[in-house]
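One structure below.
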């Protein structure tokens, strides 16, 4: 199967916003829809891997029978010039529900809709799972969510990024490698170079909400009543990680009917650009299979 022909650039219009994204369709009628939300300062391309197509969530999900829609979140891509006062995460959640509803109305998607989110996209996925409109979703999978910020140089660096013109600009290549990637040998240079091409300035309100995220979890997580899978990267340096943290999060998800937690070995924050990307993506799709309606 050709690795290049599978990816389409799409636009989704709603009354409040127009979003761009990348789509990968299965060869037959979709068994379900996977909506992928990238993290802060990253385009929808995060979920692809042109030089290593076996690591691409878009291509993998389509080969397993799902329609996979990776979105440029509000404030990125086609909505880059959207009102900056409406780019807080609560507003983004509403826009994303509207976009999913609009997409499902126009496309064959299968009965189930799954949400996978990375970093800030993971914060949004969990907020959406706790939302009154969460019945639209069958399950969520997240990685890289800041449940707690430790007293480390990396966390301090993230908290002190400057903002100009309502945006936090791109960090340097060296800083990107330090914050987002694991040790040498857990990724290759082609993946790092591709990841750099996906970088985008971060809306300031999104950035502020991301920093404040640890305070919301005691209210948000117990409100989730759909299945959840949460993964933490072994070599995460910007936020807390480890089995004990995952156990704390699991306890807060006491009202979810199905919770899986996993510590992803051999990965830094941007897991989808590490050697283990295929393993992580397979685990996410397998979880969605368990939650099919």
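Bear in mind these aren't lab numbers, they're just calculated from the coordinates by the rules spelled out. Nothing here was measured: the structure is a model prediction, and the numbers come from that model. Ideal geometry is used to build each Cβ from the backbone, glycine not excepted, and the neighbour counts take in all protein chains shown.
Per-structure values
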item	result
Selected residue (criterion: nearest to residue 42 (Cα to Cα)) from residues of region 267-291 that are touching a strand residue (DSSP E or B) at 6+ places or on another chain (Cβ under 9 Å) and outside any helix (DSSP H, G or I)	270
Candidate set from region 181-202 (those that are part of a helix (DSSP H, G or I) and surrounded by 17 or more Cβ atoms within 10 Å (Cβ to Cβ)); member that is nearest to the chain's Cα centre (by Cα)	195
Strands (runs of 3 or more DSSP E) contained entirely in region 40-155, each with at least 1 residues that are in contact (Cβ under 8 Å) with a residue 60 or more places away in the chain and over 18 Å from residue 30 (Cβ atoms)	112-118, 139-143
Residue in region 26-35 that is buried (at least 21 other Cβ atoms within 10 Å of the Cβ) and either without any contact (Cβ under 8 Å) to a residue 24 or more places away in the chain or closer than 27 Å to residue 176 by Cβ (or both) present	yes
Filtered residues of region 250-261 (kept if touching a helix residue (DSSP H, G or I) at 6+ places or on another chain (Cβ under 7 Å) and surrounded by 14 or more Cβ atoms within 10 Å (Cβ to Cβ))	252, 253, 259, 260, 261
Matching entry among 56, 13, 51 (being buried (at least 21 other Cβ atoms within 10 Å of the Cβ) and either over 18 Å from residue 114 (Cβ atoms) or under 15 Å from the mean Cα position of the chain (by Cα) (or both))	56
Answer residue from region 154-168, given it is within 23 Å of residue 274 (Cα to Cα) and in contact with a helix residue (DSSP H, G or I) (Cβ under 9 Å, 6 or more places away or on another chain) and is surrounded by the most Cβ atoms within 10 Å (Cβ to Cβ) among those	158
Only listed residue being in contact (Cβ under 8 Å) with a residue 40 or more places away in the chain, touching a helix residue (DSSP H, G or I) at 6+ places or on another chain (Cβ under 9 Å), under 23 Å from residue 92 (Cβ atoms) and buried (at least 20 other Cβ atoms within 10 Å of the Cβ), chosen from 274, 269	269
Members of region 239-249 that are within 13 Å of residue 145 (Cβ to Cβ) and touching a strand residue (DSSP E or B) at 6+ places or on another chain (Cβ under 9 Å)	239, 240, 241, 245, 246, 249
Residue in region 217-231 that is touching a strand residue (DSSP E or B) at 6+ places or on another chain (Cβ under 9 Å) and exposed (fewer than 15 other Cβ atoms within 10 Å of the Cβ) present	no
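Residue-by-condition table, conditions (1) closer than 20 Å to residue 285 by Cβ; (2) in contact with a helix residue (DSSP H, G or I) (Cβ under 8 Å, 6 or more places away or on another chain):
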{"position": "83", "(1), (2)": "no, no"}
{"position": "97", "(1), (2)": "no, yes"}
{"position": "106", "(1), (2)": "no, no"}
{"position": "110", "(1), (2)": "yes, no"}
{"position": "115", "(1), (2)": "yes, yes"}
{"position": "121", "(1), (2)": "yes, no"}
{"position": "130", "(1), (2)": "no, yes"}
